[in-house]
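Below you'll find the structure, written out as structure tokens, and then a few comments.
The values are calculated or read from the model by the stated rules, or taken from the named source; none is laboratory data. A quick note: this is a predicted structure, and the numbers were derived from the prediction, not measured. Because the Cβ atoms are built from the backbone with ideal geometry, glycine has one as well, and the counts that use them run over all protein chains shown.
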Number of protein chains: 2
Amino acid sequence: MKIDVYALPSNVQEKELKERVAVVIDVLRASSTIITALHNGCREVIPLIDIEEAINLSKNYERGAFLLGGERNAQKIEGFDLSNSPYEYTRDVVEGRTVLMTTTNGTRAIRKASEAKEVIIGGFLNVGAVAQYIGQRDEDVAFICAGTEGKFSLDDILAVGAMIDALQNMGKPLEMDDLGLVCLQMYSTHKQNLRKVLERTYHYRNLVRAGFESDVDYCIQLNLLPTIPVYREGVIRVLETA
Amino acid sequence: MKIDVYALPSNVQEKELKERVAVVIDVLRASSTIITALHNGCREVIPLIDIEEAINLSKNYERGAFLLGGERNAQKIEGFDLSNSPYEYTRDVVEGRTVLMTTTNGTRAIRKASEAKEVIIGGFLNVGAVAQYIGQRDEDVAFICAGTEGKFSLDDILAVGAMIDALQNMGKPLEMDDLGLVCLQMYSTHKQNLRKVLERTYHYRNLVRAGFESDVDYCIQLNLLPTIPVYREGVIRVLETA
């Protein structure tokens, strides 16, 4: 199994995705929020680039059938129902509803992945489920990290490392690119205390400074949820595995 | 001192360079070849993007005053005097001459850095000299890695790690971005045997397969040369330090 890792959506060469399963990762917080929302019965999440696009699309839905969610500069968008905090996407709020979602990094990364033969969403929360699914498919994989404000973001890299580590523990022979080696090494070195190394990173510190420490603590939990979001034709739903 | 690292020239946001010293790194092999050529008395290296650009420019020089150097697909370019192997840039060949050079990754990275207030060229060969120079200037630094064929390349990342390690050993208080942390960690873990980890990487294996193993062994030597190439107004010369 070939594994390639892209630290940023802009580094992806789309033609390389055609024969691959893509795993999109934006640990803090879009991936984690989408996994949580779908786990809590949300019907679907529609990732959108622009605020305007989200608002326009919402006009197609009946009142009560949809929620507007997302962030700009880590804060809730004016007029939106939900921010990008996974804690807001509880069962009583999201069950049976469509979430129209726009975030700074994550939704862009998902759209960028759309040339792949399958696009799933991963984070620390569903590492085990994602690794098991990829391992069973046994096809080449592209991990696409969202990054933070156009820069390499260690939280995403460590989550990719956790998935590669899980694949390796399943006995899969892996052929990794250079960044794959780095992900695995960084995760192996820090897995006993992810929080300690994350405390030195830009995105983590930014979110803590903005008052989102409990979100961050939530997002870096390993294997909390078995849910795998899958993105098909513009919509993210729960992947139904056999 | 703030340290930012870019794994690829395309990741650089040029406005971020304005107040910084940029260190361009293409360990295999452009950086190492340029350092070696200048150390051996080469008058100047002019980095060019296209083969045609290099050939056209060469018409401005008298016969014997210039050499055409570089590679495509790691091989010497037809009609050129020199390939991208540092072993060809000996004193008897390059002394007093201008080298017009075009390589796949390195020369592009150098040009991309040109918005910085100073642009120097680094590799394993001159780690100590570069770290000392940066440390003395005590300004914010941007490390710009060339990457390999548009992808993250661990050889460059380890060389950045070696420079950050040297700065840290000089007692400099460093404020690193996420990729800076990764560079330092990867270098610290592998510094006793760089070759062993590099043997697993794409660019290293590609060059060995193409018959350039001795080049690679040369390029990963730490602190072999005290020479710092500096790029100013389109031309790379030896930096004259006080």
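Restricted to the range B:64-106, and to residues there that are among the small types (G, A, S) and over 17 Å from B:I49 (Cα atoms), the residue that is surrounded by the fewest Cβ atoms within 10 Å (Cβ to Cβ) is B:G64. When B:A74, B:A30, B:A7 are screened for being touching a residue at least 60 places away in the same chain (Cβ under 8 Å), small (G, A, S) and closer than 30 Å to A:R200 by Cα, only B:A7 passes. Out of the residues in the range B:89-127 meeting the condition of being of a type in the set (D, E) and touching a residue at least 12 places away in the same chain (Cβ under 8 Å), tell me which one is nearest to B:D138 (Cα to Cα). Ranking the qualifying residues of the range B:89-127, first place goes to B:E118.
As a summary of the residue check, A:V27 satisfies the conditions (1) assigned to a loop (DSSP other than H, G, I, E, B); (2) modelled with pLDDT under 95; (3) within 14 Å of another protein chain (Cβ to nearest Cβ) except for the one numbered (2).
Does A:F124 satisfy the criteria of being more than 13 Å from chain B (Cβ to nearest Cβ), surrounded by 23 or more Cβ atoms within 10 Å (Cβ to Cβ) and over 21 Å from A:R232 (Cβ atoms)? Judged against the criteria, A:F124 is a match. All conditions in (1) facing chain A (nearest Cβ under 9 Å); (2) over 23 Å from A:L174 (Cα atoms); (3) not in a helix (DSSP H, G or I) hold for B:G211, with the sole exception of (1).
Residues of the range B:43-63 that are touching a residue at least 24 places away in the same chain (Cβ under 8 Å) and not in a helix (DSSP H, G or I): B:R43, B:E44, B:V45, B:I46, B:P47, B:L48, B:I49, B:D50, B:Y61. I want to confirm something. Restricting to the range A:128-140 and keeping residues that are touching a residue at least 60 places away in the same chain (Cβ under 8 Å), among the aliphatic types (A, V, I, L, M) and within 21 Å of A:L28 (Cα to Cα), which single residue is surrounded by the fewest Cβ atoms within 10 Å (Cβ to Cβ)? Taking the candidates together, the pick is A:A129.
When residues in the range A:135-173 are screened for being of a type in the set (D, E) and within 30 Å of A:L207 (Cα to Cα), 4 of them pass. Residues in the range B:1-24 that are within 14 Å of another protein chain (Cβ to nearest Cβ) and assigned to a strand (DSSP E or B): B:K2, B:I3, B:D4, B:V5, B:Y6. Please go through the range A:171-207 and give me each residue that is aliphatic (A, V, I, L, M), more than 10 Å from every other protein chain (Cβ to nearest Cβ) and in a helix (DSSP H, G or I), ordered by number. Within the range A:171-207, A:L184, A:L194, A:L207 qualify. Against the criterion of being within 28 Å of B:T241 (Cβ to Cβ), more than 14 Å from chain A (Cβ to nearest Cβ), of a type in the set (F, W, Y) and out of contact with any Leu (no Cβ under 6 Å at 6 or more places or on another chain), B:Y133 qualifies. Considered as a group, the residues in the range B:150-208 that are more than 30 Å from B:N73 (Cβ to Cβ) and among the polar types (S, T, N, Q) include one that is surrounded by the most Cβ atoms within 10 Å (Cβ to Cβ), and that residue is B:Q185. Note on the range B:1-49: among residues that are among the acidic types (D, E) and surrounded by 21 or more Cβ atoms within 10 Å (Cβ to Cβ), the one that is nearest to B:G150 (Cα to Cα) is B:D26.
Inspection of the range A:225-240 finds a residue satisfying the criterion of being of a type in the set (S, T, Y), away from every other protein chain (no Cβ under 14 Å) and either assigned to a loop (DSSP other than H, G, I, E, B) or within 13 Å of the chain's Cα centre (by Cα) (or both).
Scan the range A:138-146 and give yes if some residue there is farther than 30 Å from B:A142 by Cβ and either at pLDDT below 95 or within 14 Å of chain B (Cβ to nearest Cβ) (or both), otherwise no. The answer is yes; a qualifying residue exists. Sub-8 Å Cβ pairs linking a first residue in the range B:175-189 that is under 12 Å from A:K151 (Cβ atoms) to a second residue that is of a type in the set (F, W, Y) and in a helix (DSSP H, G or I), at least 6 apart or interchain, are B:D177/A:Y202; B:D178/A:Y202, ordered by first then second residue. Taking the range B:87-107 as the range and being over 14 Å from B:R63 (Cα atoms) and either at pLDDT below 95 or touching a Gly at 6+ places or on another chain (Cβ under 6 Å) (or both) as the test, the residues that pass are B:R91, B:E95, B:M101, B:T102, B:T103, B:T104, B:N105, B:G106, B:T107.
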